Amino acid sequence: MASILINAIKRLHVSPQIRLCSLNSAAVTTTTANKTINILKKEWEFPPLYTKPREVWIENLDSVEEKKLGLIELHPMVYAAPPRIDIIHSNVIWQRKYRWVSWAHTKTRAEVRGGGKKPWPQKGLGRARHGSIRSPLFRGGGVAHGPRSGKSHFFMLPFHLRLHGLTTTLSAKLAQDDLHIVKDLELPTDESQYLVDLIENRNWGPSVLIIDDTDYAPRNITAATDNLLHVNIMPVYGLNVYSMLKHDTLVLTQAAAEKIEEKLLYHLHSDNRERMKKFKIDQV
């Protein structure tokens, strides 16, 4: 196995000793046998203690052929979290239920037409006493405890489960080689076929979710994805577990990856119990 990896590295013309130890938040240039590699080193407010940072290639979008522009370090607490399928499942159930309103409706005995007269006298006939033929005991009567329209299934998932749902899904995407980081979203053309060829050339799968750090995506990529139903663009604040699982490939811009990292690290190391008390919803 080791010989296979060494041969693969030789074919790439990349030296195996590529990682530098630097604490500065700047680009470090490493010169190998045939090429220069830029490694973006970062100084985190909460540096990793027990796990090494993950290094991911920064790719381009200005050509169909893939080009490696450099390496970026990603924090392991965000992009290398342990896989928790139970937390991912909880997030999916929550996202599917909080927007679901059931419109199934049944009528009670008061809403069914008819049944205003007592069907027979209370006494004297030996029959069971009844006050209306629209009782739930009668065929054609009302329904007891049936569904009523406008039933909301909204509930609020605990904040820590939503937080860890994002980290474990991002980590799973990176581990499966389904997370790619690009420098920016600038395309040389606004033709949809260019983006289709790029996705096919790089094996990005049938569906792609592109995340940028702002609401305003460049015009070319917006026009190119307008007719592609399997390619969607989303800002950082809209990133969610359900959308990441729904798409095969997740593409982050460099700015988006850093912003996601910054926000999640802040919440992972902060105590929000006092601040979140006023936002707590009484679900009783």
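Scanning the stretch 241-284 for residues that are under 11 Å from the mean Cα position of the chain (by Cα) and buried (at least 18 other Cβ atoms within 10 Å of the Cβ) yields VAL241, MET244, HIS247, LEU250. Are any residues in the stretch 211-244 in contact with an Asp or Glu (Cβ under 6 Å, 6 or more places away or on another chain) and within 21 Å of ILE199 (Cα to Cα), and if so, which ones? Residues satisfying the conditions are PRO218, ASN220, ALA223, ALA224, PRO235. Out of SER15, SER25, SER102, one residue alone is modelled with pLDDT of 60 or more and either of a type in the set (S, T, N, Q) or open to solvent by 80 Å² or more (accessible area, probe 1.4 Å) (or both). It is SER102. Every test in (1) within 23 Å of TYR98 (Cβ to Cβ); (2) touching a residue at least 24 places away in the same chain (Cβ under 8 Å) is passed by LEU252 save one, and that test is (1).
Every condition in (1) among the hydroxyl-bearing types (Ser, Thr, Tyr); (2) in a loop (DSSP other than H, G, I, E, B); (3) open to solvent by less than 70 Å² (accessible area, probe 1.4 Å) is met by TYR50 except one, and the failing one is (3). Per the listing HIS160, HIS164, the residue uniquely open to solvent by 60 Å² or more (accessible area, probe 1.4 Å) and under 19 Å from GLY238 (Cβ atoms) is HIS164. Evaluate the stretch 106-124: report whether one residue or more is open to solvent by less than 60 Å² (accessible area, probe 1.4 Å), in a strand (DSSP E or B) and either over 30 Å from ALA256 (Cα atoms) or hydroxyl-bearing (Ser, Thr, Tyr) (or both). The answer is no, given that none of the residues of the stretch 106-124 is open to solvent by less than 60 Å² (accessible area, probe 1.4 Å), in a strand (DSSP E or B) and either over 30 Å from ALA256 (Cα atoms) or hydroxyl-bearing (Ser, Thr, Tyr) (or both).
The values are calculated or read from the model by the stated rules, or taken from the named source; none is laboratory data. Because the structure is predicted, anything quoted here is derived from the model rather than measured. All Cβ positions, even for glycine, are placed from backbone atoms using ideal geometry, and neighbour counts span all protein chains on display. Note: areas computed on protein heavy atoms with side chains; ligands, DNA, RNA excluded. Shrake-Rupley method; radii C 1.70, N 1.55, O 1.52, S 1.80 Å.
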